[in-house]
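All remarks here apply to the structure that follows.
The values are calculated or read from the model by the stated rules, or taken from the named source; none is laboratory data. Small disclaimer: the values here were computed from a predicted structure and weren't measured. Methodologically, a virtual Cβ is constructed for each residue, glycine included, from the backbone with ideal geometry; neighbour enumeration extends over all protein chains shown. All accessible areas refer to the heavy atoms of the entire protein, side chains included, with ligands and DNA or RNA removed. Shrake-Rupley method; radii C 1.70, N 1.55, O 1.52, S 1.80 Å.
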Amino acid sequence: MNKNIKPAESNYCFISGPVLSPTLLNAIQRWNIPVYAQQPTPLLPESINIFQDVEIASCIQDKDATVIMNWEASLAFILEHLPQQKLSQVNAFKNKAVFREVVKELYPNLFYQELTRDDLQDFQLPKELENVVLKPSLGTASIGIRTVHEQQEWLAAVDSVLQDIDKAKEQMNRAMLNDDSFLVEEFVDGDEFACDGFWDSNGKTIITGIYQHPFASSLDVSDTVYYTSTKVVAETIKPTMRVLEHMGDKLEMRRFPFHFEFRFSNGNLFPIELNPLRFGQVALPDITEYAFGFNPYDLFFTDESPNWDSLLNNEGNSQVYAFVLASIPGKYEAEKYSFDEESFCNSFGEKLLNYLPSNPEVTPFFGVAHVVADNVEEVLGYLSLDFESFLKDRE
């Protein structure tokens, strides 16, 4: 990092959740970024400047303040104190139905419809569509998302979605997830990706990372594996930039971080959603630093851009860098089992770069591994990991 670079003015970081990204913590300490910590979160290093409620609330009310969080749980507090313009921008992305309106000009023929919980039972799938996706208008972490292939599957999908949400609501605030409103939209086939980045102080779109998100099957909606490589970024960065530039121009975005999810097929990009005021959760951005050698949070705090032209022309960088989430299997009971972290880490052999444990009482996973692989096929093999095999009886 160039020592002459200075952080942009008025950066504030909200930290919560049981998994802390080393990449984020290093950037916070490097640039002395003020932090507001919310439970649950592990003990933070003493060198970090911790703000209290009243202090941070006053700071982020400033229209020039820049906010980033690492976990959706911080959003409720942030929304209570943002100035009106930034609040409107956050809501335009956070509500999936409003987000569809933001990108409607780019996709004028795409079907979508907002429904209340009471509307769900009577909804009829449009005859011209083979598949639709049902999701909560306000949601996170793939909770309550189902692909429905025909009308006879609809009611079962609705019941399954509502059960997911009812269970998850016990651990999440309403700014993260609620069942007041739902979006049903046309399913567009294609490979799924996620992108981290921000709009800088001049409104320019800066992409700090792109990750492919494979699934084990058409029914899989888990976040088990993400991976990045020069190939992943090179094949998607230009169309991704075009869509993000449209959104940024339409909403006049400035100093605003995002985690953008989309599908990509035959050169065409279809937006799924954009999560405001954060990059990927659970230390996902760390694989960008492993893969490309820069810290994406450094770039955000200093309002700088990576040199993708140079990075993608590095022919020596052919490896694949993966994020693997250790999900809690259905048979898990806290009083009966513990998670064998050593066995899980050993399953990657020398390819393991880092392991970050989580608290299964707070999150639906035991931890996350960062892994380097020689090829994509090796990474796809992680989709079939049997997490039940890593459970061990409590003594």
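Based on what the data block shows, is PHE198 part of a strand (DSSP E or B) and not hydroxyl-bearing (Ser, Thr, Tyr)?
Values: part of a strand (DSSP E or B): yes; not hydroxyl-bearing (Ser, Thr, Tyr): yes.
Taking the combined requirement at face value, the residue satisfies it.
Considering only residues that are open to solvent by less than 50 Å² (accessible area, probe 1.4 Å) and not in a loop (DSSP other than H, G, I, E, B), look in segment 353-364 and name the one that is farthest from PRO329 (Cα to Cα).
ASN354
Across segment 210-221, which residue is nearest to VAL376 (Cα to Cα) among those that are buried (at least 21 other Cβ atoms within 10 Å of the Cβ) and either in contact with a Leu (Cβ under 8 Å, 6 or more places away or on another chain) or aliphatic (A, V, I, L, M) (or both)?
For segment 210-221, the residue satisfying everything is TYR211.
Only residues that are of a type outside the set (Phe, Trp, Tyr) and either in contact with a Leu (Cβ under 9 Å, 6 or more places away or on another chain) or modelled with pLDDT of 95 or more (or both): list them for segment 253-268, please. Walk me through it before giving the result.
So in segment 253-268, the residues of a type outside the set (Phe, Trp, Tyr) come out as 253-255, 257, 259, 261, 263, 265-268.
Selection gives MET253, ARG254, ARG255, PRO257, HIS259, GLU261, ARG263.
Go through the residues of segment 358-368 one by one and say whether even a single one is touching a Gly at 6+ places or on another chain (Cβ under 8 Å) and aliphatic (A, V, I, L, M). Working first, answer last.
Filtering segment 358-368 for residues touching a Gly at 6+ places or on another chain (Cβ under 8 Å) gives 358, 362-363.
Then drop every residue that is not aliphatic (A, V, I, L, M), which leaves 362.
Within segment 358-368, one or more residues are touching a Gly at 6+ places or on another chain (Cβ under 8 Å) and aliphatic (A, V, I, L, M).
Being open to solvent by less than 80 Å² (accessible area, probe 1.4 Å), more than 30 Å from MET241 (Cα to Cα) and of a type outside the set (Lys, Arg) is the requirement here; does PHE99 meet it? Before you say what the answer is, go through the steps one by one.
Details: open to solvent by less than 80 Å² (accessible area, probe 1.4 Å): yes; more than 30 Å from MET241 (Cα to Cα): no; of a type outside the set (Lys, Arg): yes.
So PHE99 fails the test.
Going residue by residue through segment 161-170, is there one that turns out to be without any contact (Cβ under 8 Å) to a residue 12 or more places away in the chain, surrounded by 14 or more Cβ atoms within 10 Å (Cβ to Cβ), out of contact with any helix residue (DSSP H, G or I) (no Cβ under 9 Å at 6 or more places or on another chain) and basic (Lys, Arg)? Steps first, answer last, please.
Here is the first cut: in segment 161-170, the ones without any contact (Cβ under 8 Å) to a residue 12 or more places away in the chain are 163, 167, 169-170.
Adding the requirement that they be surrounded by 14 or more Cβ atoms within 10 Å (Cβ to Cβ) leaves 169.
Retained after the next criterion (residues that are out of contact with any helix residue (DSSP H, G or I) (no Cβ under 9 Å at 6 or more places or on another chain)): 169.
Next, from what is left, pick out any that are basic (Lys, Arg): 169.
Yes, the conditions are met somewhere in segment 161-170.
Can you tell me which residue is nearest to ALA322 (Cα to Cα) among those in segment 213-234 that are out of contact with any Pro (no Cβ under 8 Å at 6 or more places or on another chain) and hydrophobic (A, V, I, L, M, F, W, C)?
Top of the filtered list is VAL232.
Taking the residues in segment 87-130 that are over 20 Å from the mean Cα position of the chain (by Cα) and part of a helix (DSSP H, G or I) as candidates, determine which candidate is nearest to ILE56 (Cα to Cα). Break it down stepwise before answering.
Within segment 87-130, the subset over 20 Å from the mean Cα position of the chain (by Cα) is 88, 101, 104-130.
Within this subset, residues satisfying the condition of being part of a helix (DSSP H, G or I) are 88, 101, 117-122.
On the way: SER88: 20, GLU101: 32, ARG117: 36, ASP118: 39, ASP119: 40, LEU120: 40, GLN121: 43, ASP122: 45 Å.
The extreme case among them is SER88.
For segment 126-139, give me the residue count where each residue is out of contact with any His (no Cβ under 9 Å at 6 or more places or on another chain) and open to solvent by 10 Å² or more (accessible area, probe 1.4 Å). Explain how you work it out, then say what you get.
Restricting attention to segment 126-139, the residues satisfying the condition of being out of contact with any His (no Cβ under 9 Å at 6 or more places or on another chain) are 126-129, 133-139.
Still in the list and also open to solvent by 10 Å² or more (accessible area, probe 1.4 Å): 126-129, 138.
Residues in segment 126-139 being out of contact with any His (no Cβ under 9 Å at 6 or more places or on another chain) and open to solvent by 10 Å² or more (accessible area, probe 1.4 Å): 5 in total.
If the requirement is being open to solvent by less than 10 Å² (accessible area, probe 1.4 Å) and out of contact with any Lys or Arg (no Cβ under 9 Å at 6 or more places or on another chain), which of these qualifies: ILE60, ILE56, ILE68, ILE50? Step through it out loud before you land on a result.
Working: ILE60 fails: out of contact with any Lys or Arg (no Cβ under 9 Å at 6 or more places or on another chain); ILE68 fails: out of contact with any Lys or Arg (no Cβ under 9 Å at 6 or more places or on another chain); ILE50 fails: open to solvent by less than 10 Å² (accessible area, probe 1.4 Å).
Result of the check over ILE60, ILE56, ILE68, ILE50: ILE56.
Out of segment 366-395, which residues are assigned to a strand (DSSP E or B) and open to solvent by less than 10 Å² (accessible area, probe 1.4 Å)?
Kept after step one, since they are assigned to a strand (DSSP E or B), are these residues of segment 366-395: 366-373, 391-393.
Hits for segment 366-395 are PHE366, GLY367, VAL368, ALA369, HIS370, VAL371, ALA373.
Which condition number in (1) at pLDDT below 95; (2) on the phi > 0 side of the Ramachandran plot is the one that GLU170 fails?
GLU170 satisfies every listed condition except (2).
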